[in-house]
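The block underneath contains the structure these notes are about, expressed in structure tokens.
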Amino acid sequence: MASLPPSLSFLLPLILALILISISPAFSMPRQFLDDHQDQLMKTGFKITLNHIDSGGNFTNFERLYRAVKRSSHRLQMFNEMVLTAKKHPKLRTTVYFGEGEYVMNFSIGTPPKSYYGTMDTGSDLIWTQCQPCLECFSQPDPVFDPKKSSSFSNVSCSNNLCHELKSQCSAYDGCVYYYSYGDGAFTAGYLATETFTFKKVSVHVKKNKKKKKKKVSVPNVAFGCGIFQFGPESGDGLVGLGRGPLSLVSQLGEPTFSYCLTDLNGTRPSTLLIGSHASVNGEIKTTPLIQNPFIPTLYHLSLEGITIGSTRLPVNKTTFALNADGSGGLIIDSGTPITRLAESAYTLVKEEFISQVKLPQVDAGNSTDFDLCFKLPSDPSDRVKIPPLVFHFTDADLDLPTKNYMLSDSGIMCLVMLGSGDTSSIFGSLQQQNILVVYDLYKETLSFMPTECDKF
């Protein structure tokens, strides 16, 4: 993992302590993960708009894919580092991500509330934003949050159980200070605090036979990271972790169910995140168990038993997608990884089978996408191209992927939008989840799929 220069590493705890003293809010009392106010609140449901990170850019289809591949590689590296870190710190339950994500959501922090945009991330826990006074901060769209200007801001004390969930240095003098470094040189450091978070587009259930009203709802005492030292890629205004750890948004709200519906990568309509009562679905859904990695309990693992292309079930070894005893391997479903990465042995079989069944000449797309299986489309648009269906066989649930979720074309070239991971790990990415309502039920420990026109959701 990357580390700070020795001089900076030595000074950082002292600098953080001085900043905490200068802010000098009251330390928060230890709190339960769910208080009565939030228990009542979460009987309602959030419906929040998600915007793709590239939605405002003027990119071609392949330019979007190229950018997505780069972000996928970064995420794959991060997950591999998580396994190594978990082995060194087996009692550490919370994960912190610092880097680009895929979808951003709007929320407000503080009293009076200030609006921010954070990346939605199912692969990490900590909610965080940059805070004043900032020693080293990346450029962000909105003004950096200033704790001095909020009457509801409070530091988290060392006696608070939430502080123990972070890789932190904590003392009565310094407070709950955290720091994380990453293999690509990225680094984030700050301190844990609590604030009032306000969410828009919340539908509140009212009396029977009356319409639902839309309003803002404020949630007090949400623990979050105040980042005051960041090296690395810009990440909007921060991040909203939706992982299984106790510091994630869903865990702090005590809400066991959330879902999202992601629109086309190249479309113009926003996607949707639903938390609470809105996350439940009615219809023909397929459900598979969620698996927990004991080394990294925050992540959502699925049991993938096989893959079928056309009418051919691939001869994938039963252990290919299995979660290994040391926490490696397995398949993660993730909102922040755009492109699915399959264990290398399985990806080789997938690629070979598509070559066999797609009756088109292969072509090298060069550096335009970084995909290694592309076909040259017929010059005559009337010539129909037959693309074999692709089915992922999860335990108790077969997911038949829409064609545009695995084959995309541009400028007369069609590419398979999946890649190998280079090892035994696998990630089911967000591009493959487009136009599918994905429901996480943390109480039942299940994940459900339902084909959905997400742009009409």
- line: All-but-one check, residue 87 against (1) at pLDDT 90 or above; (2) of a type in the set (D, E, K, R); (3) surrounded by fewer than 24 Cβ atoms within 10 Å (Cβ to Cβ), failing number (1)
task: Only residues that are crowded, with 19+ Cβ neighbours inside 10 Å and either touching a Gly at 6+ places or on another chain (Cβ under 9 Å) or at pLDDT below 95 (or both): list them for the range 435-448, please.
output: 437
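Within the range 92-120, take every residue that is open to solvent by 50 Å² or more (accessible area, probe 1.4 Å) and over 17 Å from residue 243 (Cβ atoms) and give me the one that is modelled with the lowest pLDDT. Write out each step before concluding.
Within the range 92-120, the first condition is being open to solvent by 50 Å² or more (accessible area, probe 1.4 Å), and the residues that meet it are 93, 100, 111-115, 117.
Those still in the list that are over 17 Å from residue 243 (Cβ atoms) too: 100, 111-115, 117.
On the way: 100: 70, 111: 96, 112: 96, 113: 95, 114: 95, 115: 94, 117: 92.
So the residue we want is 100.
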message: If I filter the range 303-335 down to residues being buried (at least 21 other Cβ atoms within 10 Å of the Cβ) and among the hydroxyl-bearing types (Ser, Thr, Tyr), which single residue comes out as nearest to residue 243 (Cα to Cα)?
response: 335
Any hit, the range 68-78, residues being at pLDDT 75 or above, open to solvent by 60 Å² or more (accessible area, probe 1.4 Å) and assigned to a helix (DSSP H, G or I): yes
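Taking strands (runs of 3 or more DSSP E) that fall entirely within the range 124-171, which contain at least 2 residues that are open to solvent by 20 Å² or more (accessible area, probe 1.4 Å) and among the small types (Gly, Ala, Ser)?
168-171
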- request: Output the residues belonging to the range 106-123 that are in contact with a Leu (Cβ under 8 Å, 6 or more places away or on another chain) and over 9 Å from residue 239 (Cα atoms).
  value: 122, 123
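Of all residues in the range 445-456 being in contact (Cβ under 8 Å) with a residue 60 or more places away in the chain and either among the charged types (D, E, K, R) or assigned to a loop (DSSP other than H, G, I, E, B) (or both), which is farthest from residue 287 (Cα to Cα)? Step through it out loud before you land on a result.
The first filter runs over the range 445-456 and keeps only residues in contact (Cβ under 8 Å) with a residue 60 or more places away in the chain, leaving 445-450, 452, 454-455.
Checking which are either among the charged types (D, E, K, R) or assigned to a loop (DSSP other than H, G, I, E, B) (or both) leaves us with 445, 452, 455.
Details: 445: 10, 452: 15, 455: 23 Å.
Within the range 445-456, the match that is farthest from residue 287 (Cα to Cα) is 455.
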statement: Within the range 237-275, restricting to residues that are under 14 Å from the mean Cα position of the chain (by Cα) and part of a loop (DSSP other than H, G, I, E, B), the one that is modelled with the lowest pLDDT is 245
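If only one of 334, 370, 364 is out of contact with any His (no Cβ under 9 Å at 6 or more places or on another chain), of a type in the set (Asp, Glu), closer than 24 Å to residue 67 by Cβ and free of Cβ contacts under 8 Å to residues at least 24 places away in the same chain, which one is it?
Values: 334 fails: free of Cβ contacts under 8 Å to residues at least 24 places away in the same chain; 370 fails: free of Cβ contacts under 8 Å to residues at least 24 places away in the same chain.
Residue meeting the stated conditions: 364.
The values are calculated or read from the model by the stated rules, or taken from the named source; none is laboratory data. Being a predicted model, the structure only gives us computed values, none of them experimental. Using ideal geometry, Cβ is built from the backbone for each residue, glycine included, and neighbour counts are taken over all protein chains shown. Ligands, DNA and RNA are excluded from the accessible area calculation, which covers all protein heavy atoms including side chains. Shrake-Rupley method; radii C 1.70, N 1.55, O 1.52, S 1.80 Å.
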